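What follows is a single structure, written as structure tokens, with notes after it.
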Amino acid sequence: MNFQFESLAELLAMKGHGPFVWSAYSISIIAFAYLIWTPVKSYRDMVNRELKKRSREENAPD
């Protein structure tokens, strides 16, 4: 097996292209995390609002 880079420093530098490549990876990972987290948080908030609403309705005097 033949590796492209001899050391970790060479891998991070990527022959001068490292800053662009690693920043692109970082931005992509942050964007994907945001796209996953936002609907999950929204769903949890909606469920909590509905649970509070039901609790208020059940405990309301008739």
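Here is how the numbers come out for the structure above:
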quantity: Criterion: more than 16 Å from the chain's Cα centre (by Cα), aliphatic (A, V, I, L, M), exposed (fewer than 10 other Cβ atoms within 10 Å of the Cβ) and in a helix (DSSP H, G or I) - qualifying residue of Ala9, Ala13; calculated: Ala9
quantity: Segment 44-55 residues that are part of a helix (DSSP H, G or I), paired with ones that are surrounded by 10 or more Cβ atoms within 10 Å (Cβ to Cβ) (beta carbon under 7 Å, 6 or more apart); calculated: none
quantity: Close pairs from segment 1-14: first farther than 17 Å from Tyr25 by Cβ, partner among the aromatic types (Phe, Trp, Tyr) and in a loop (DSSP other than H, G, I, E, B), Cβ under 7 Å, at least 6 apart; calculated: none
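Bear in mind these aren't lab numbers, they're just calculated from the coordinates by the rules spelled out. Quantities reported herein were computed from a predicted structural model and do not represent experimental measurements. Backbone-built Cβ (ideal geometry, glycine too); neighbour counts: all protein chains shown.
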